[in-house]
Amino acid sequence: MKYNFNAGPSILPREVIEGTAKACLEFEGTGLSLMEISHRAKYFQPVLDEAEALIRELAGVPEGYAVLFLAGGASTEFHRVAHNFFCKKAAYLNTGVWAKKAMKEAQWFGETVEVASSAEANYTYIPKDYVIPTDADYFHITTNNTIYGTEILKDIDSPVPLIADMSSDIFSRPLDVSKYACIYGGAQKNLSMAGVTFVIVKEDLLGRTGREIPTMMDFRTHIKGGSMFNTPPVVPIYSMLLNLRWIKAQGGLKAMDERAQRRADIVYGEIDRNKLFHGTTAVEDRSRMNICFVMNEEYKDLEEEFFKFATERGMVGIKGHRSVGGFRASCYNAQPIEGAEALVSCMQDFEKLK
């Protein structure tokens, strides 16, 4: 038995994988593959419509927000967000590599303020007690930091429009969409396979920059085009639809939240108990999606041995990011509780050998 702990692209429910594969062979009795039908065919529009409806239902998206499915990944949205919201000044919370990359894209447009940063501690905590400048056009946060294993678990209050990259923890907990001007992210962690990006954006905040926006960078282009101004990533959107159905069938975001907390409690509990390991982040900021840990100093020379041991036991993708080292167990929505338990059993068995 293998358990997929890859940080992304990552684990998907088996029924989503099989359903997508089946549609790629033949879609909805058409005699055609999903990969070869027109995105404007009558067969595909219902896919887009249902996926949007499920996002609205599951997240409780209020009136006045558009839901978009775009290509280009979250990295493109770093730039597109600034195109659509930057007038004179933007504020960013620097909690890791992806937050820093998002901030870099804003710097093309003018004054970009780093409100707070945890870079001096290699991003092992989420900054607290910072002041959001009230003259900023928006405040940008990255809610989960896959490399370092920190996460913002509550919807924060902001005196200016709040924008969030939720690539790696979207739909892992209930959220108050009304607190955000824009939520976006790559779908290849909790929502779909790689290739599609989701955007939830408050429409009445668009068109205020006072400048022309390149066609493809303008959210209004894609709202008007119903996510089909250009050819959308058809297969990943269908995979997202199946995954959204799965989330709903499991009990929605409340159930995802409970599963996430249970998995985290299981794995972090063992990290804190086991003499061989310790966590790498501040306890109060621990991510439930990306659980990072290393060997204790006196056992550092056992890292490769444990990695080999765990791999032979079916743990896939647990090596930590090169900038952190150690191990990373990514526990996205589709990770079964049994996966967390199997990893803990592996850690315990290795400890017994030492």
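The values are calculated or read from the model by the stated rules, or taken from the named source; none is laboratory data. Bear in mind that the values here come from a model prediction, so they are computed numbers and not experimental data. A quick note on method: Cβ atoms are made from the backbone with ideal geometry, for glycine too, and the neighbour counts reach across all protein chains shown. Note: accessible area is taken over every heavy atom of the protein model, side chains too, but ligands, DNA and RNA are not part of it. Shrake-Rupley method; radii C 1.70, N 1.55, O 1.52, S 1.80 Å.
Per-structure values
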item: Qualifying residue in region 36-48 (condition: more than 20 Å from ALA334 (Cα to Cα), in contact (Cβ under 8 Å) with a residue 24 or more places away in the chain and exposed (fewer than 12 other Cβ atoms within 10 Å of the Cβ)); result: yes
item: Positions within region 329-354 being open to solvent by less than 30 Å² (accessible area, probe 1.4 Å) and not in a helix (DSSP H, G or I), in sequence order; result: ALA329, SER330, CYS331, TYR332, ASN333, ALA334, GLN335
item: For LYS88: the one exception among (1) more than 25 Å from ALA194 (Cα to Cα); (2) out of contact with any Asp or Glu (no Cβ under 8 Å at 6 or more places or on another chain); (3) open to solvent by 60 Å² or more (accessible area, probe 1.4 Å); (4) modelled with pLDDT of 95 or more; result: (2)
item: Extreme residue, nearest to the chain's Cα centre (by Cα), among residues of region 307-349 that are polar (S, T, N, Q) and farther than 25 Å from ALA249 by Cα; result: SER323
item: Index of the failed condition, ALA255 passing every other in (1) part of a helix (DSSP H, G or I); (2) of a type in the set (Gly, Ala, Ser); (3) under 30 Å from PHE293 (Cβ atoms); (4) in contact (Cβ under 8 Å) with a residue 12 or more places away in the chain; result: (4)
item: Residues of region 334-354 that turn out to be among the basic types (Lys, Arg) and either in contact with a His (Cβ under 9 Å, 6 or more places away or on another chain) or under 28 Å from VAL16 (Cα atoms) (or both), as a count; result: 0
item: Criterion (under 14 Å from the mean Cα position of the chain (by Cα) and either open to solvent by 10 Å² or more (accessible area, probe 1.4 Å) or modelled with pLDDT of 95 or more (or both)) met by exactly one of MET217, MET228, MET193; result: MET193
item: Yes/no for ASP257 being within 19 Å of ILE200 (Cα to Cα) and either modelled with pLDDT of 95 or more or among the acidic types (Asp, Glu) (or both); result: no
item: Residue tally, condition open to solvent by less than 20 Å² (accessible area, probe 1.4 Å) and in a loop (DSSP other than H, G, I, E, B), over region 133-151; result: 7
item: Residues (among the small types (Gly, Ala, Ser) and over 22 Å from VAL201 (Cβ atoms)) located in region 102-157; result: ALA116, SER117, SER118, ALA119, ALA121, GLY149
item: Test result for GLU298, open to solvent by 50 Å² or more (accessible area, probe 1.4 Å) and touching a helix residue (DSSP H, G or I) at 6+ places or on another chain (Cβ under 8 Å); result: no
item: Any hit, region 283-304, residues being at pLDDT 95 or above, part of a helix (DSSP H, G or I), within 23 Å of PRO127 (Cβ to Cβ) and touching an Asp or Glu at 6+ places or on another chain (Cβ under 9 Å); result: yes
item: Test set (1) within 25 Å of the chain's Cα centre (by Cα); (2) part of a helix (DSSP H, G or I); (3) free of Cβ contacts under 8 Å to residues at least 40 places away in the same chain - ARG245 fails condition number; result: (3)
item: Residue check, PRO233 surrounded by 15 or more Cβ atoms within 10 Å (Cβ to Cβ) and either farther than 17 Å from ALA23 by Cβ or not acidic (Asp, Glu) (or both); result: yes
item: Condition check for VAL160: out of contact with any helix residue (DSSP H, G or I) (no Cβ under 6 Å at 6 or more places or on another chain), β-branched (Val, Ile, Thr) and touching a residue at least 60 places away in the same chain (Cβ under 8 Å); result: yes
item: Which listed residue, of GLU120, GLU114, is within 16 Å of ALA91 (Cβ to Cβ), without any contact (Cβ under 8 Å) to a residue 40 or more places away in the chain, among the charged types (D, E, K, R) and open to solvent by 20 Å² or more (accessible area, probe 1.4 Å); result: GLU114
item: Region 309-328, residues that are open to solvent by 20 Å² or more (accessible area, probe 1.4 Å) and either within 15 Å of VAL267 (Cα to Cα) or outside any loop (DSSP other than H, G, I, E, B) (or both); result: PHE309, THR311, GLU312, VAL316, LYS319, ARG328
item: Residue in region 271-293 that is over 20 Å from the mean Cα position of the chain (by Cα) and closer than 29 Å to VAL177 by Cβ present; result: yes
